[in-house]
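Here is the structure we will look at.
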Amino acid sequence: MTVVAGERAEQTRARYPDSEGYVERDGVRVFYEVYGEGAPTVLFLPTWTIIHSRHWKLQLPYFARHARAITLDPRGNGRSDRPSDPRAYDETEFAADALAVLDATGTDRAVIVSLSRGAHRALLLAAEHPERVAGAVFIGPSLPFGSLDEPRAILKRFDEELDTDAGWAKYNRHYWLRDFTGFLEFFFSQCFSEPHSTKQIEDCVGWGLETDAETLVASEDGVGLDSRESAVETCARIRCPTLVIHGSDDRIRPADHGAELARLTGGTFVSFEGAGHLPHARYPVKVNLLIREFVESLA
Amino acid sequence: MTVLEARREQTRARYPDEEGYVERDGVKVFYEVYGEREPTVLLLPTWSILHSRHWKMQIPYFARHFRVVAFDGRGNGKADRPSGIGAYTEHEFAADSLAVMDATGTETAVLVGLSCGALWGALLAANHSDRVLGGVFICPSVPLAPGHPERDVHSFEDRLDTEDGWAKYNRHYWLEHYEEFLEFFFGRMFTEPHSTKQIEDAVGWGLEIAPETLIESHEALELCGSERFSHVCARVRCPVLVLHGDEDALHPLARGAALAGATGGRLVTLEGSGHCPHVRDPVKVNLLIRDFVESVA
């Protein structure tokens, strides 16, 4: 009798990095990986510290074949350090980490790809260092365009002790410290509004559990492009081509915020009908082709 | 602005090169032929709760390496839905299989069957050894070893005072709560995590047969006892490969082991797999089947 082992062995990768390393700034070490050696370089930026660079797992093997792909773990998760000071999570720090990784990997210029909150650091990097950024792709950008509508209005009470844990009330400092897993499960079920996403949700909850509630609270207190004015002003300084991809069923940030980013940066907007907040995880082929076409159009 | 659509109508990775119907005693069944390289792999129908689309992860792959014939068994898909228990015995399915082979000019084939497909697959191999090169039986539901004890607790025919668990496998429940039965049953079929798409597909196919017809097909299968089937197995002469998930919640691994023993075949145990490893782990299963087909051709 032959026994064939089940799928549930340790997770393996379709492709492993060709090199990896750390950059260190002010005592905080950030981990990066490099895949492939073609040109141009596509830099997959970290998103919010709630997950790490593995969320790009369906992009890295593909772009390693067609370009050179680099990614880094955000401070606070993955193999990067977990500073406890909220100032360490300012968006300028994330942008500086990305720049340090470009330097450390000998990358003069890259196309940058960001998800959600990664849009803040992507805009800062492109605005401050236009010579290093050939183009920018934004997926489900999370920027302060428009006020939060119900039921997410309760996010404004992040620091308050609430008398409910229902729905978006879980997006609350005190709830995170009380039931971090409960928050992760809720949040990622909202991120993946598409049917049949149980694997993607399970992956993201697992990556979320690699950090902790205290670190995530610190990251939430970091300063970014927190006002509409600062975001609009930064967008006005962007000179490179931009592509914005936004799911029409994004329950974290509405697609019209993505459309506004495209308008403010003079970029192309692609509405992805029926997709949620992480279309690159649920529809990788379509999203990879869009990004690849954009990258090739810049060459 | 560009608009992309995430969800569309279901399409196929490969469409048949030829399709048609064969008719026996006024009952038509629908077949499809893909590819042209010998030998032919005949994908047998399983219980009429599903039709041939459950092979969708096998057909495009095998069509590149072999000639593939698949057909909808009586009771589902594009096949007729005759009434009467007698229309759904293993003899009828075996005779349909032979008729499809004749209609498609298939002199010999390797048979691949899921679950109760082993009943008619073994019968065909025993009675027409000149037409069958080999048999692959996936999670065979054969009466050669006891089933899961929890499936034996409740009567199928009587009205029950509970609807819990396997009490849903009951004629009255099917007639009154058919879709809930399908959701329960396919939930037990796909015990692997992250099977929501496969369950949704199967429930959709299950809804293509009426519960009244499914009751008759169930009762026909019950007629195939262990003694009768043991005699069939003893007459199988071709090479046999049995694939069985060790977490199959519908039919225990012991049934697959017993079939391999009774036919002198080889058993491959798939760790962590449920009742449809060809759906949940298609690459692994396709490679195992391809190796077998190449070894007997």
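The values are calculated or read from the model by the stated rules, or taken from the named source; none is laboratory data. It should be emphasised that the depicted structure is a prediction, and the values quoted were computed from it without experimental measurement. Glycine also receives a Cβ, built like all others from the backbone with ideal geometry; neighbour counts cover every protein chain displayed.
Observations, loosely collected:
- Consider segment A:37-57 and keep the residues that are farther than 26 Å from A:SER219 by Cα and of a type outside the set (Gly, Ala, Ser). The one that is surrounded by the fewest Cβ atoms within 10 Å (Cβ to Cβ) is A:GLU37.
- Of all the residues in segment B:67-91, those that are among the charged types (D, E, K, R) and free of Cβ contacts under 8 Å to residues at least 40 places away in the same chain number 1.
- Output for segment A:264-288, where each listed residue is more than 10 Å from every other protein chain (Cβ to nearest Cβ) and either in contact with a helix residue (DSSP H, G or I) (Cβ under 7 Å, 6 or more places away or on another chain) or on the phi < 0 side of the Ramachandran plot (or both): A:LEU264, A:THR265, A:GLY267, A:HIS277, A:LEU278, A:HIS280, A:ALA281, A:PRO284, A:VAL285, A:ASN288
- Residue in segment B:270-284 that is at the interface with chain A (Cβ under 10 Å from one of its Cβ atoms), in contact (Cβ under 8 Å) with a residue 24 or more places away in the chain, at negative phi and part of a helix (DSSP H, G or I) present: yes
- Within segment B:184-225, the set of residues being closer than 25 Å to A:ASP203 by Cβ, of a type outside the set (Gly, Ala, Ser) and crowded, with 16+ Cβ neighbours inside 10 Å comprises B:PHE186, B:MET189, B:PHE190, B:THR191, B:GLU192, B:HIS194, B:GLN198, B:ILE199, B:ASP201.
- B:GLU247 among the charged types (D, E, K, R) and within 11 Å of another protein chain (Cβ to nearest Cβ): yes
- Exclusive hit being crowded, with 17+ Cβ neighbours inside 10 Å and more than 24 Å from A:GLU202 (Cβ to Cβ), set A:LEU290, A:LEU298, A:LEU278: A:LEU290
- One residue stands out among those in segment A:166-204 that are within 12 Å of chain B (Cβ to nearest Cβ) and outside any helix (DSSP H, G or I): the one that is nearest to A:THR49 (Cα to Cα), which is A:PHE192.
- Residues satisfying the stated conditions in segment B:28-51, i.e. among the aliphatic types (A, V, I, L, M) and in contact with a Pro (Cβ under 7 Å, 6 or more places away or on another chain): B:VAL33
- Pairs where the first residue, in segment A:131-146, is in a strand (DSSP E or B) and the second is of a type in the set (D, E, K, R), C-beta under 8 Å, 6+ apart: A:VAL133/A:ARG109; A:ALA134/A:ARG109
- Checklist (1) more than 16 Å from A:VAL101 (Cα to Cα); (2) crowded, with 17+ Cβ neighbours inside 10 Å applied to A:ARG13, failing item: (2)
- Filter pass, B:VAL29 being surrounded by 24 or more Cβ atoms within 10 Å (Cβ to Cβ), among the hydrophobic types (A, V, I, L, M, F, W, C), within 26 Å of B:SER273 (Cα to Cα) and modelled with pLDDT of 95 or more: no
- Condition met for B:ARG255 (surrounded by fewer than 16 Cβ atoms within 10 Å (Cβ to Cβ) and of a type in the set (D, E, K, R)): no
- Wholly within segment B:1-66, strands (runs of 3 or more DSSP E) carrying at least 3 residues that are in contact (Cβ under 8 Å) with a residue 40 or more places away in the chain and over 25 Å from A:GLU194 (Cα atoms): B:18-24, B:27-34, B:40-43
- A:PHE138 meets all of the listed conditions (1) within 20 Å of the chain's Cα centre (by Cα); (2) modelled with pLDDT under 95; (3) of a type outside the set (A, V, I, L, M) but one, namely (2).
- Residue match in segment A:235-243 (condition: touching a helix residue (DSSP H, G or I) at 6+ places or on another chain (Cβ under 9 Å), within 14 Å of chain B (Cβ to nearest Cβ) and basic (Lys, Arg)): no
- Of the residues A:ARG8, A:ARG25, A:ARG13, the single one that is away from chain B (no Cβ under 14 Å) and at pLDDT below 95 is A:ARG13.
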